[in-house]
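What follows is one structure encoded as structure tokens, with my remarks underneath.
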Ligand code: HEM
């Protein structure tokens, strides 16, 4: 009887596994078929062929330059990369439509939020709907006050004075090449950590130490972005399930971040947070859940670190090519500061510097730190230029291309000319939808004023005391793939102290 029962049990189990595996196999094959059908992998149009064979690279240094070329040629300012299921647009009307008018049907979408989900959790950068609205409202209240800006200004000035200038001074006049991009990444990481956590990782100390936290954050951002390069999300999901390769490294890096964040939260709880100024302490007044607090603050780290470093790197690259702009900024600095003995310009003095502001916006026009940004259509839609968007399609607006449209900026659009932003010596904002460098709709950047202030402080402090030179022949910038514009190979420079 016993053996009959176990035989019956054995055959039932085998039948169950047979049915289960057959179903799984058929389901996977079906999903693959749907994926292939939807992504039109066989598309033979000129653009898709050039994309699939990478033949565009024979003519263009960067993918964004090729896209710009195509967008300039398109009558509507919109193109389709069928094999990616991606519509790309530089049409200001379309951008306003997706980021503002029909914002509700163009969320970041599940694809994006699963890619960055392990790193960012439910943080503002990674959510849509009510959760986003709640965090946006709360963060706007916390960041809107004058005191938070003054706090950010103090952090930035202290990092410049105690770390950035001593580091530049230590290499000045020597034949020592410094990677300015790396310096700015360390600089902005120190600042955003102090601002968000009240924690100083000290990445820009003279010895340029490697902080475990910074390294873990770097790896986690890199591997999360790499997930997006896989042709199907199934690949990284299986790797994650089996804890293999980069997914294993990503998990380890995130564990370090989590432990760090938890330590910070515990410390605040023990020592009290109501007297402190950092974002974490501010949010702790409203939110009790530790994981949620961690997610919100990590989103700020991601949003505020590489963007500022990228903006500064391009600005200094442009200055090395345009000494006349550097001289004009120095003249303005002298005029505004007058006979003041202060080493640094104050917040109010900086607000008077129209030329500096124009130069910064001109640099952001040519080299926006966020070169493109995508949303996913939640329903069928028609863009302002008549382009049909079917549900589920990825729609990308392209600030890099938008800053280079001859129709908008004129035939000298590739030249670095701060004066195009000035009227009677005063800065005149361009129609923001023609230039969504900080995004231009409902999700507009929450750290815009802080970012602009941070970049201005660095530019003034550095050029007042040092001359930055690029050794050897200067190449046009080549970017590495990623969420934020990063120069491949960094920005190697020589530093010279100016004559007093
Ligand atoms: C030059 C520097 C910066 C640039 C170019 C920039 C650009 C952007 C862009 C394009 C977005 C919209 C992203 C999207 O729609 O998904 C954004 C969002 C955001 N930025 Fe910035 N950003 C910069 C600096 C900063 C800094 C320093 C902070 C923090 C102190 C910050 C905090 C945020 C946050 C929290 C969001 C999310 C807003 C939301 O989802 O509602 N950003 N930024």
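Any read-out appearing in this document is the output of simple, stated calculations on the displayed coordinates, not a laboratory observation. Just so you know, these numbers come straight off a predicted model, no measurement behind them. Cβ: placed from backbone, ideal geometry, glycine included. Neighbour counts: every protein chain shown.
Just a few scattered comments:
- Pair residue 158, residue 262: separation of 7 Å Cα→Cβ label points (nm): 2.8 nm
- In percent, rounded to a whole number, the relative contact order of the chain is 22, using alpha-carbon pairs under 8 Å and six or more apart.
- The peptide list 458-467, 359-368, 142-151, put in order of mean Cβ contacts within 10 Å with the highest first, becomes 359-368, 458-467, 142-151.
- Between 0 and 90°, nearest 10: helix 2-39 axis offset from the chain longest Cα axis: 40 degrees
- Estimated distance in nm for a label pair at residue 286 and residue 170, the labels positioned 7 Å out from Cα along Cα-to-Cβ: 4.0 nm
- Cβ-based exposure ranking for 203, 64, in which fewest neighbours within 10 Å come first: 64, 203
- Proxy reagent accessibility, fewest Cβ within 10 Å first, across 141, 204, 473, 422: 473, 141, 422, 204
- Potential extension, residue 390-residue 473 segment - 0.36 nm per residue separation minus Cα distance: 25.2 nm
- Extension gain, residue 237 back to residue 150 (0.36 nm per residue minus Cα-Cα distance, nm): 27.0 nm
- If R0 equals 41 Å, the separation of the Cβ atoms of residue 252 and residue 334 corresponds to a calculated FRET efficiency of about 0.20.
- Within the chain, percent of DSSP bridges classed antiparallel, to nearest 5: 85 percent
- In a fully extended conformation the segment linking residue 22 and residue 177 would gain 49.8 nm over its present Cα-Cα distance, using 0.36 nm per residue.
- Expected 222 nm ellipticity per residue - DSSP helices of 4 or more, -39500 (n - 2.57), all of the chain, to 500: -17500 deg cm²/dmol
- Residue 348 versus residue 55: modelled label distance in nm, points set 7 Å from Cα along the beta carbon direction: 6.3 nm
- Averaging Cα coordinates gives a centre for segment 350-372 and one for segment 96-151; these two points are 24 Å apart.
- Segment 264-340 and segment 174-243 have Cα centres separated by 16 Å.
- Against the chain, whose longest principal axis comes from its Cα atoms, helix 354-366 is set at around 30 degrees.
- To the nearest ten degrees, helix 233-242 and the longest principal axis of the Cα atoms of the chain are 80 degrees apart.
- Proxy reagent accessibility, fewest Cβ within 10 Å first, across 87, 265: 265, 87
- Each peptide among 252-260, 278-286 gets the average number of other Cβ atoms lying within 10 Å of its residues, and from highest to lowest they stand as 278-286, 252-260.
- Protection proxy ranking of 111-118, 377-384, by the mean of other Cβ atoms within 10 Å over each peptide's residues and highest first, is 111-118, 377-384.
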